[in-house]
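Some notes on the structure that comes next.
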Amino acid sequence: GENVEQHPSTLSVQEGDSAVIKCTYSDSASNYFPWYKQELGKRPQLIIDIRSNVGEKKDQRIAVTLNKTAKHFSLHITETQPEDSAVYFCAASIWAGKSTFGDGTTLTVKP
Amino acid sequence: GAVVSQHPSWVICKSGTSVKIECRSLDFQATTMFWYRQFPKQSLMLMATSNEGSKATYEQGVEKDKFLINHASLTLSTLTVTSAHPEDSSFYICSARGYGTQETQYFGPGTRLLVL
């Protein structure tokens, strides 16, 4: 089955700096890669996603890049703010299949 | 966006009792619902996948007789934890995907279960 590895497990940045979280996947058939943000005690919320026919996608301060050859994808957050502090999960799936989640990255943005 | 509700948000029960958790898609028809379990500071562990009108597909190591899943309609799936024990205490989250959501899963707010 699919295996998703996520790094780092914790990340601390200064407000205004950029944060990068990386994930690798094992199944070359995976073609959908969402990123979720989960605040303490709350539900995971989709923040951005990318499909395998696209190499990069951006939404304001958030961007995701995908390298299909290397089977890795990354989340980039620029100009971080304290409210960006949360746990971020990457996931990989084959269209209409189940998602495999990474172990999560706890991001702390220090004011 | 797509909205998924979950009820109850938290429940405390005695060991040996059964607990039912409901997951509803409020503004779309969910052809597939997923049930996850999440321990503190850990990732989402998929328990089972349910498609409307079909039997649920359980992940390896998940007891189907202990965690009963029913997906009887396009807007409702239920998870029943039968004969709950303290080790079943956890945060249970459902997610749904269906018409209009493409591949994206939308999560419910979760149910915190504490078995005494």
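Please treat every number below as a calculation from the coordinates, not as lab data. The shown structure was predicted, so the numbers you read here are calculated from the model rather than taken from an experiment. Because the Cβ atoms are built from the backbone with ideal geometry, glycine has one as well, and the counts that use them run over all protein chains shown.
In order along the stretch A:66-73, the Karplus-derived 3J(HN,Hα) couplings, from 6.51 cos²θ - 1.76 cosθ + 1.60 at θ = phi - 60°, round to 10, 10, 5, 5, 8, 6, 9, 9 Hz, and Gly and Pro are given as x. Rounded if a/c is under 1.5, else prolate if a/b is larger than b/c, else oblate: which is the protein assembly as shown, with a ≥ b ≥ c the root eigenvalues of its Cα gyration tensor? Prolate is the answer for the protein assembly as shown, as a/c is 1.5 or above and a/b outweighs b/c. Considering only the Cα atoms of the stretch B:1-85, their convex hull presents on average a projected area of 6.1 nm². In chain A, what percentage of the DSSP-assigned beta bridges are antiparallel, given to the nearest 5? The answer is about 90 percent antiparallel. Relative to its Kirkwood radius, the Cα radius of gyration of the stretch A:1-99 gives an Rg/Rh of 0.96. Close Lys pairs in chain A (alpha-carbon distance under 28 Å; sequence gap of 8 or more, or different chains): 28. Distance from the C-alpha centroid of the stretch A:65-81 to that of the stretch B:1-62: 29 Å, rounded to the whole angstrom. Computed from backbone phi, the HN-Hα couplings of the stretch B:91-96 come to 9, 9, 10, 9, 9, 9 Hz, rounded to whole numbers (Karplus: 6.51 cos²θ - 1.76 cosθ + 1.60, θ = phi - 60°; Gly and Pro given as x). With pairing defined as another cysteine C-beta under 4.7 Å, the cysteines of the protein assembly as shown that fail it are B:C13. Averaged over the residues of B:94-105, the number of partner chain Cβ atoms lying within 10 Å of the residue Cβ comes to 3.
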